[in-house]
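Peer 1: Starting off with a structure, shown below.
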Amino acid sequence: MKPLLQAGHRGCAGCCDAIAAKFTLMAAGEDCIVVSPTGCLEVMTTPYPESSWNVPFIHSLFENNAAVASGIEAALKAKGEFGNTKIIAMGGDGATLDIGMRSISGAFERGHDFTYVCIDNEAYMNTGVQRSGATPFAASTTTSPAGKVSFGNIRPKKNMPAIMVAHGSPYVTTTSIGYPKDMIRKVKKAVDVEGPTYVHAHSPCTTGWGFDTSKTIEVAKLAVETCLWPLYEMEDGELTKAKKIKNPKPVEDYLKMQRRFKHLFTMEGGDEMIKKIQALADANIEKFGLQ
Amino acid sequence: MKRNFEDDKKNMVVVEGSYAVADAVKACRPNVISAYPITPQTHIVEDLSQFIADGEIPNCEYLNVESEFSAISALVGSSAAGARSYSATTSQGLELMHEVLFNVAGMRLPVVMTVVNRAVSAPINIWNDQQDSISQRDTGWIQLHAEDTQEAADMTAQAFKIAEDPDVMLPVLACMDGFILSHVYEPVILLDEDLVAEYLPAFEPEFKLDPKNPKTFGAFADPHSYTEFRYLQQQAMNKALKTIEDAADEFYDLFGRHYGGLIDTYETEDADIILMAMGSIVGTIKDVVDKLRAQGVKVGVLKVRSFRPFPAEAIKNAIKGAKVIVALDKNISLGLNEGALFTETKGSLYNTNVNIPIIGFMIGHGGRDIPMSTMEAIVDEAKKVIDSGITVESQFTDLKEELL
């Protein structure tokens, strides 16, 4: 079978978007329609007149991804062409948690049969690493920079999966591109479950986070191994599965690999910030029963 | 097929303008309707919702979306997936859609949307003027204006016909004045679904989202190719000039009703004074023309049906024998102190061999009533221009000095 996301796109070496899109399509198969908002994924895969997509693909705007997907679903249903076609909206964290929030909320409330995959690389990477609602606590971005009187972003990540659970979605899950089998299994499940389903894929960005292009998967794994990014599944509002982490690594192992947290190791008081981040990981262990 | 159109008159029913439009939408067999309620568009979407609830629109999904932004965004997806797609909105809702309107047009998706024209905030005002649709002038949508409820209903079918023409493939705003047309009860002939099926064949786009034949929609275009996309949109607008005329003519052949194509004229042949306008105000002007003609004033009215594409040539030909042109605008470009119809008519006549004085009046903002006496006073101003030239080029009408 030909790859559904063709090689030759303009993604960076070690690009998380390309990995996430590839896994998503491996799960969904060729009978799908991909909807993507403005962002890295769309830009790097569709420079006219070229396209990397061997499945039907549509990009409209930044903040309307889920609405466009809902229209496609309605069209196929109205024309009796829905069949087994999977409709997959794939967007970054900015397009999902921030500017596209209204559109995704409406589409989930209306109950369209589609899957939303959030490729969360924790900032606006396409425009040069500006803070988003998904940027983690104490990360330095270009609009929440660390400085003489700042440790960077002062707020924790918005809990998007919980918001989607609150919409009554039958299947909400977190995953990570560091765990291909986990991601492919979950996307497959998401597209097979009827109704609006949500997959939140933690996706380290080599340029935005500041690590070597060979380390994307390693960084992704460390987020999970430190329990900063728990992998869990919510079915009909209930926590049904969470990946156990027997011996969680200290968060420093994850933080020190990334330029965006470098200031925590150099600034006075940085150790206190790291303790707070460790507390976030510990809270995840407690909340999701990771041990 | 020859039909006895006189029979239609026996079938006239008294319905609200909104119902006539909703019924026309139904007759056009849309696949996806996506809308957000807003005064004075509400009755159209309520009527459509009832049709859906009663199973009267087969093969159609109605999306109750959470905003106008998503209403029109959903139609990006549905139209790209090959569905005949419809929405209706007004004023603030249309302004909220602004970004998506460019996108729909740029992607060459033949969506049809009724705009029930209303003033824009602030101050908030739910009554009629045309600032909302005029503000969408450069979005790449064809923009048509109806004079009465029958035309608004019939224009819906014409709009789909124009939009889906393979030479055009552009979205259409079908505009009707808020309340004045949307909420008035008048006798109309509801569209016969079989005739509409004959007039408007099924929507079969050349390209659509289809897993069996994967295509990419909405690719980004860099400086190497962006210009050509814009040029092709303009070419499509040029082609639409003929398509709009053809759609009106074909409609006449099947239904026996005609409202003009790009423009329509009334008593303009020998007129010294020609009033230009769009929408329901044209009906008032016709009454004024009748009254003044009886008094020997050589006055006529030019109705502009198509604001985009702007029918510069048709307008020039219609007015070239007049001594003065008056453009009436229910909108204003603030900072220029002109309405759009005035500015554009003046601009399109410049550099031509037609050199007729033209003056503009901005009128009916926020639903301000336009009595015949106001129109007569405007004609008096036009007479002065014939006698002694232009003193005021463009001005507000019926200003209440005591409120200033």
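Peer 1: Of everything in the stretch B:85-100, what is open to solvent by less than 10 Å² (accessible area, probe 1.4 Å) and either within 9 Å of chain A (Cβ to nearest Cβ) or in a helix (DSSP H, G or I) (or both)? Give them in sequence order.
Peer 2: B:85, B:91, B:93, B:94, B:100
Peer 1: Among the residues in the stretch B:125-133, are any assigned to a loop (DSSP other than H, G, I, E, B), buried (at least 24 other Cβ atoms within 10 Å of the Cβ) and within 14 Å of chain A (Cβ to nearest Cβ)?
Peer 2: Within the stretch B:125-133 (the criterion being assigned to a loop (DSSP other than H, G, I, E, B), buried (at least 24 other Cβ atoms within 10 Å of the Cβ) and within 14 Å of chain A (Cβ to nearest Cβ)), the answer is no, since none of the residues qualifies.
Peer 1: I'm told residue B:208 meets every condition in (1) in contact (Cβ under 8 Å) with a residue 12 or more places away in the chain; (2) outside any strand (DSSP E or B); (3) away from chain A (no Cβ under 13 Å) except one. Can you identify the failing condition by its number?
Peer 2: Unmet condition: (3).
Peer 1: Right, next: Taking the stated definitions as given, is residue A:100 open to solvent by less than 10 Å² (accessible area, probe 1.4 Å), more than 8 Å from chain B (Cβ to nearest Cβ), touching a residue at least 12 places away in the same chain (Cβ under 8 Å) and within 26 Å of residue B:229 (Cα to Cα)? Before you say what the answer is, go through the steps one by one.
Peer 2: Working: open to solvent by less than 10 Å² (accessible area, probe 1.4 Å): yes; more than 8 Å from chain B (Cβ to nearest Cβ): yes; touching a residue at least 12 places away in the same chain (Cβ under 8 Å): yes; within 26 Å of residue B:229 (Cα to Cα): no.
Criteria not met by residue A:100.
Peer 1: Check the stretch A:84-93 and report whether any residue there is part of a loop (DSSP other than H, G, I, E, B), under 26 Å from residue B:57 (Cα atoms) and open to solvent by 30 Å² or more (accessible area, probe 1.4 Å).
Peer 2: Of the residues in the stretch A:84-93, the ones part of a loop (DSSP other than H, G, I, E, B) are A:84-85.
Retained after the next criterion (residues that are under 26 Å from residue B:57 (Cα atoms)): A:84-85.
Now drop any that are not open to solvent by 30 Å² or more (accessible area, probe 1.4 Å), which leaves A:84.
Yes, some residue in the stretch A:84-93 is part of a loop (DSSP other than H, G, I, E, B), under 26 Å from residue B:57 (Cα atoms) and open to solvent by 30 Å² or more (accessible area, probe 1.4 Å).
Peer 1: In addition: Tell me which residues, restricted to the stretch A:76-92, are at the interface with chain B (Cβ under 7 Å from one of its Cβ atoms) and touching a Phe, Trp or Tyr at 6+ places or on another chain (Cβ under 7 Å).
Peer 2: Within the stretch A:76-92, just A:76 meets the criteria.
Peer 1: In this structure, is residue B:343 among the polar types (S, T, N, Q), more than 20 Å from residue B:288 (Cα to Cα) and surrounded by 14 or more Cβ atoms within 10 Å (Cβ to Cβ)?
Peer 2: yes
Peer 1: If you take the residues in the stretch B:19-63 that are open to solvent by 30 Å² or more (accessible area, probe 1.4 Å) and touching a Phe, Trp or Tyr at 6+ places or on another chain (Cβ under 8 Å), which one is nearest to the other protein chains (Cβ to nearest Cβ)?
Peer 2: B:52
Peer 1: Tally the residues that are of a type in the set (Asp, Glu) and either under 16 Å from the mean Cα position of the chain (by Cα) or at pLDDT below 95 (or both), restricting the search to the stretch A:160-193.
Peer 2: 1
Peer 1: What's the number of the condition residue B:13 fails, among (1) within 20 Å of residue B:118 (Cβ to Cβ); (2) touching a residue at least 60 places away in the same chain (Cβ under 8 Å); (3) not hydroxyl-bearing (Ser, Thr, Tyr)?
Peer 2: Condition not satisfied by residue B:13: (1).
Peer 1: Can you tell me which condition residue B:16 does not meet? The list is (1) at the interface with chain A (Cβ under 10 Å from one of its Cβ atoms); (2) more than 20 Å from residue B:172 (Cα to Cα), and all the others hold.
Peer 2: Unmet for residue B:16, out of (1) at the interface with chain A (Cβ under 10 Å from one of its Cβ atoms); (2) more than 20 Å from residue B:172 (Cα to Cα): (1).
Peer 1: Within the stretch B:257-299, can you find the residues that are open to solvent by 10 Å² or more (accessible area, probe 1.4 Å), touching a Gly at 6+ places or on another chain (Cβ under 8 Å) and part of a loop (DSSP other than H, G, I, E, B)?
Peer 2: Scanning the stretch B:257-299 gives B:267, B:268, B:269, B:270.
Peer 1: Would you please name the residue that is most open to solvent (accessible area, probe 1.4 Å), looking only at residues in the stretch B:214-247 that are of a type in the set (S, T, N, Q) and within 30 Å of residue A:30 (Cβ to Cβ)?
Peer 2: Step one: of the stretch B:214-247, the residues of a type in the set (S, T, N, Q) are B:216, B:225, B:227, B:233-235, B:238, B:243.
Still in the running and within 30 Å of residue A:30 (Cβ to Cβ): B:216, B:225.
Working: B:216: 46, B:225: 11 Å².
The residue in question is B:216.
Peer 1: Mind checking which pairs have a first residue in the stretch B:388-399 that is at pLDDT below 95 and a second that is surrounded by 11 or more Cβ atoms within 10 Å (Cβ to Cβ) and assigned to a strand (DSSP E or B), Cβ under 9 Å, 6 or more apart or different chains?
Peer 2: From residues that are at pLDDT below 95, there are no pairs.
Peer 1: Quick one: would you say residue B:119 is within 14 Å of chain A (Cβ to nearest Cβ), over 16 Å from residue A:63 (Cβ atoms), in contact with a helix residue (DSSP H, G or I) (Cβ under 7 Å, 6 or more places away or on another chain) and not in a strand (DSSP E or B)?
Peer 2: When the stated conditions are applied, residue B:119 does not pass them.
Peer 1: Let me ask you something else. Restricting the stretch A:59-75 to residues that are of a type in the set (A, V, I, L, M, F, W, C) and open to solvent by less than 10 Å² (accessible area, probe 1.4 Å), which is farthest from the other protein chains (Cβ to nearest Cβ)? Spell out the reasoning first.
Peer 2: First, the residues of the stretch A:59-75 that are of a type in the set (A, V, I, L, M, F, W, C): A:61-62, A:66-69, A:72, A:74-75.
Imposing the further condition that a residue be open to solvent by less than 10 Å² (accessible area, probe 1.4 Å) reduces the set to A:66-69, A:72, A:74-75.
Numbers: A:66: 8, A:67: 4, A:68: 4, A:69: 6, A:72: 4, A:74: 4, A:75: 4 Å.
Only one residue tops the list, namely A:66.
Peer 1: Something else now. Among the residues of the stretch A:28-37, write down those that are more than 7 Å from chain B (Cβ to nearest Cβ) and surrounded by fewer than 24 Cβ atoms within 10 Å (Cβ to Cβ).
Peer 2: A:29
Peer 1: For the stretch A:253-277: of the residues being in contact (Cβ under 8 Å) with a residue 24 or more places away in the chain and open to solvent by 30 Å² or more (accessible area, probe 1.4 Å), which is farthest from residue A:173 (Cα to Cα)?
Peer 2: Ranking the candidates gives A:267 first.
Peer 1: Does the stretch B:177-205 hold any residues that are within 14 Å of another protein chain (Cβ to nearest Cβ), crowded, with 16+ Cβ neighbours inside 10 Å and aliphatic (A, V, I, L, M), and which are they?
Peer 2: First, the residues of the stretch B:177-205 that are within 14 Å of another protein chain (Cβ to nearest Cβ): B:202-205.
Going one step further and asking which of them are crowded, with 16+ Cβ neighbours inside 10 Å, we end up with B:203, B:205.
Passing the criteria: none in range.
Results for (1) assigned to a loop (DSSP other than H, G, I, E, B); (2) more than 30 Å from the chain's Cα centre (by Cα); (3) within 18 Å of residue B:332 (Cα to Cα), shown as yes or no for each residue.
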residue	(1), (2), (3)
B:374	no, no, no
B:387	no, yes, no
B:399	yes, no, yes
B:402	no, yes, no
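Peer 1: Take the residues of the stretch A:43-58 that are of a type outside the set (A, V, I, L, M, F, W, C), touching a His at 6+ places or on another chain (Cβ under 8 Å) and more than 7 Å from chain B (Cβ to nearest Cβ): which is surrounded by the fewest Cβ atoms within 10 Å (Cβ to Cβ)?
Peer 2: Ranking the candidates gives A:52 first.
Peer 1: Tell me which residues, restricted to the stretch A:3-25, are out of contact with any helix residue (DSSP H, G or I) (no Cβ under 8 Å at 6 or more places or on another chain), open to solvent by 60 Å² or more (accessible area, probe 1.4 Å) and closer than 17 Å to residue A:203 by Cα.
Peer 2: A:22
Peer 1: Residues that are acidic (Asp, Glu): list the strands (runs of 3 or more DSSP E) wholly contained in the stretch B:1-78 that include at least 1 such residues.
Peer 2: B:13-16, B:61-64
Peer 1: Going through the stretch A:113-165 one residue at a time, which ones are open to solvent by less than 10 Å² (accessible area, probe 1.4 Å) and within 14 Å of chain B (Cβ to nearest Cβ)?
Peer 2: A:114, A:116
Peer 1: Among the residues of the stretch A:65-78, is any in contact (Cβ under 8 Å) with a residue 24 or more places away in the chain and not in a helix (DSSP H, G or I)?
Peer 2: no
Peer 1: I would also like to ask the following. Looking only at the stretch B:152-163, decide whether some residue is assigned to a loop (DSSP other than H, G, I, E, B), touching a helix residue (DSSP H, G or I) at 6+ places or on another chain (Cβ under 6 Å) and at pLDDT 95 or above.
Peer 2: No, the stretch B:152-163 contains no residue that is assigned to a loop (DSSP other than H, G, I, E, B), touching a helix residue (DSSP H, G or I) at 6+ places or on another chain (Cβ under 6 Å) and at pLDDT 95 or above.
The values are calculated or read from the model by the stated rules, or taken from the named source; none is laboratory data. Owing to the predicted nature of the structure, the values given are computational and were not obtained by experimental measurement. FYI the Cβ positions are ideal-geometry reconstructions off the backbone, even for glycines, and counts take in every protein chain you see. For accessibility, only protein heavy atoms count, side chains too; no ligands or nucleic acids. Shrake-Rupley method; radii C 1.70, N 1.55, O 1.52, S 1.80 Å.
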